[in-house]
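Note sheet for the following structure.
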Amino acid sequence: MTAAASFERDGFVVLEDFVDAGACDALVARADELVASFLRSPDAVSIFSTTEQTRTSDEYFLDSGDKVRFFFEEDGDAINKIGHALHDLDPVFAGFSHTPELAAVASDVVGMHDPRILQSMYIVKGPRVGGEVTLHTDHTFLWTEPQSATGFWFALQDATVENGCMWAVPGGHRLPVRRRFHRAGPSDADGTTFDELVAAPYPTNDEVPLETGKGTLIVLHGLLPHRSGPNTSDRGRAAYTLHAIEAAADYPADNWLQRGPDLPLRGFAA
């Protein structure tokens, strides 16, 4: 079965050895440099909750769509995420994110016509520290009409059940979306809210772990329910995620992630 057929059937596809180990190591090293620089003089301490129900919606978070910002674990002791414009603002992450190979996957596997990278996230689950990310769909948080959000998740280190690998519900992209996350008002200070669209939770009986080796790319349909578990091991788990949308799709003005006009969206090969 082709990668495109697997993606259409399951809502995800696992592409092993998509990037080499050296590229993964370079991204981890660069992230370590960025975190070290930030911790020497942090401009904010913002908690990024890993559960949808208590997701932090402070101004630092809501103003991060066109910046590089740092978010802590819920206990406040460790960085768990850097976002959301690494792919545009940092040269190392930009070089990793904008490649002909990724452009080909977006076109040939996903079937995107004119994809634009909307956001990027470097996520680290420290040994026995990294928390879980609860079951969700990317369309909930990156709403377009029609739906077009697609996730490109890179394992920068081996990902196992013990250290917090991805889990997905095969075929779950054919289910109706349950919720929509958006700004509650025009100001960052207004925070965010969820619209409850379907009362029933996503079924989890058929979910499967996606254990992957370093360098693997997992492509995720925007309507696919997926999650990641906590890190209960002594090994870290670093990952890098890009989310792209179709240029022609409508991107509502009340979506939580917004970018200024001086940083327009670019495609994978740009």
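Residue 96 passes all but one of (1) of a type outside the set (A, V, I, L, M); (2) farther than 13 Å from residue 154 by Cβ; (3) buried (at least 22 other Cβ atoms within 10 Å of the Cβ); which number fails?
Of (1) of a type outside the set (A, V, I, L, M); (2) farther than 13 Å from residue 154 by Cβ; (3) buried (at least 22 other Cβ atoms within 10 Å of the Cβ), only one is false for residue 96: (2).
Can you pull out the strands (runs of 3 or more DSSP E) entirely within the range 153-270 that have at least 2 residues that are over 20 Å from the mean Cα position of the chain (by Cα)?
Strands (runs of 3 or more DSSP E) meeting the threshold: 192-196.
Return yes or no: is residue 153 surrounded by 15 or more Cβ atoms within 10 Å (Cβ to Cβ), in contact with a His (Cβ under 7 Å, 6 or more places away or on another chain) and of a type in the set (A, V, I, L, M, F, W, C)?
No.
Condition first: out of contact with any helix residue (DSSP H, G or I) (no Cβ under 9 Å at 6 or more places or on another chain), part of a helix (DSSP H, G or I) and at pLDDT 95 or above. Can you find one or more residues in the range 13-22 that meet it?
So far as the range 13-22 goes, yes, one or more of its residues are out of contact with any helix residue (DSSP H, G or I) (no Cβ under 9 Å at 6 or more places or on another chain), part of a helix (DSSP H, G or I) and at pLDDT 95 or above.
Using the structure shown, decide if residue 138 is over 25 Å from residue 235 (Cα atoms) and within 16 Å of the chain's Cα centre (by Cα).
yes
Here are 169, 124, 109, 133: which of them is under 18 Å from residue 18 (Cα atoms) and either in contact (Cβ under 8 Å) with a residue 12 or more places away in the chain or exposed (fewer than 14 other Cβ atoms within 10 Å of the Cβ) (or both)?
109
Suppose we keep only residues that are of a type in the set (Val, Ile, Thr) and under 16 Å from residue 173 (Cα atoms) within the range 191-210. Which one would you say is modelled with the lowest pLDDT?
Among those that are of a type in the set (Val, Ile, Thr) and under 16 Å from residue 173 (Cα atoms), it is 204.
I'm told residue 175 meets every condition in (1) touching a Pro at 6+ places or on another chain (Cβ under 8 Å); (2) crowded, with 22+ Cβ neighbours inside 10 Å; (3) of a type in the set (A, V, I, L, M) except one. Can you identify the failing condition by its number?
Checking residue 175 against (1) touching a Pro at 6+ places or on another chain (Cβ under 8 Å); (2) crowded, with 22+ Cβ neighbours inside 10 Å; (3) of a type in the set (A, V, I, L, M), the one that fails is (2).
The values are calculated or read from the model by the stated rules, or taken from the named source; none is laboratory data. Keep in mind that what you see is a predicted model, and the values were worked out from it rather than measured. No Cβ is skipped: glycine too gets one built from the backbone with ideal geometry, and neighbour counts run over all protein chains shown.
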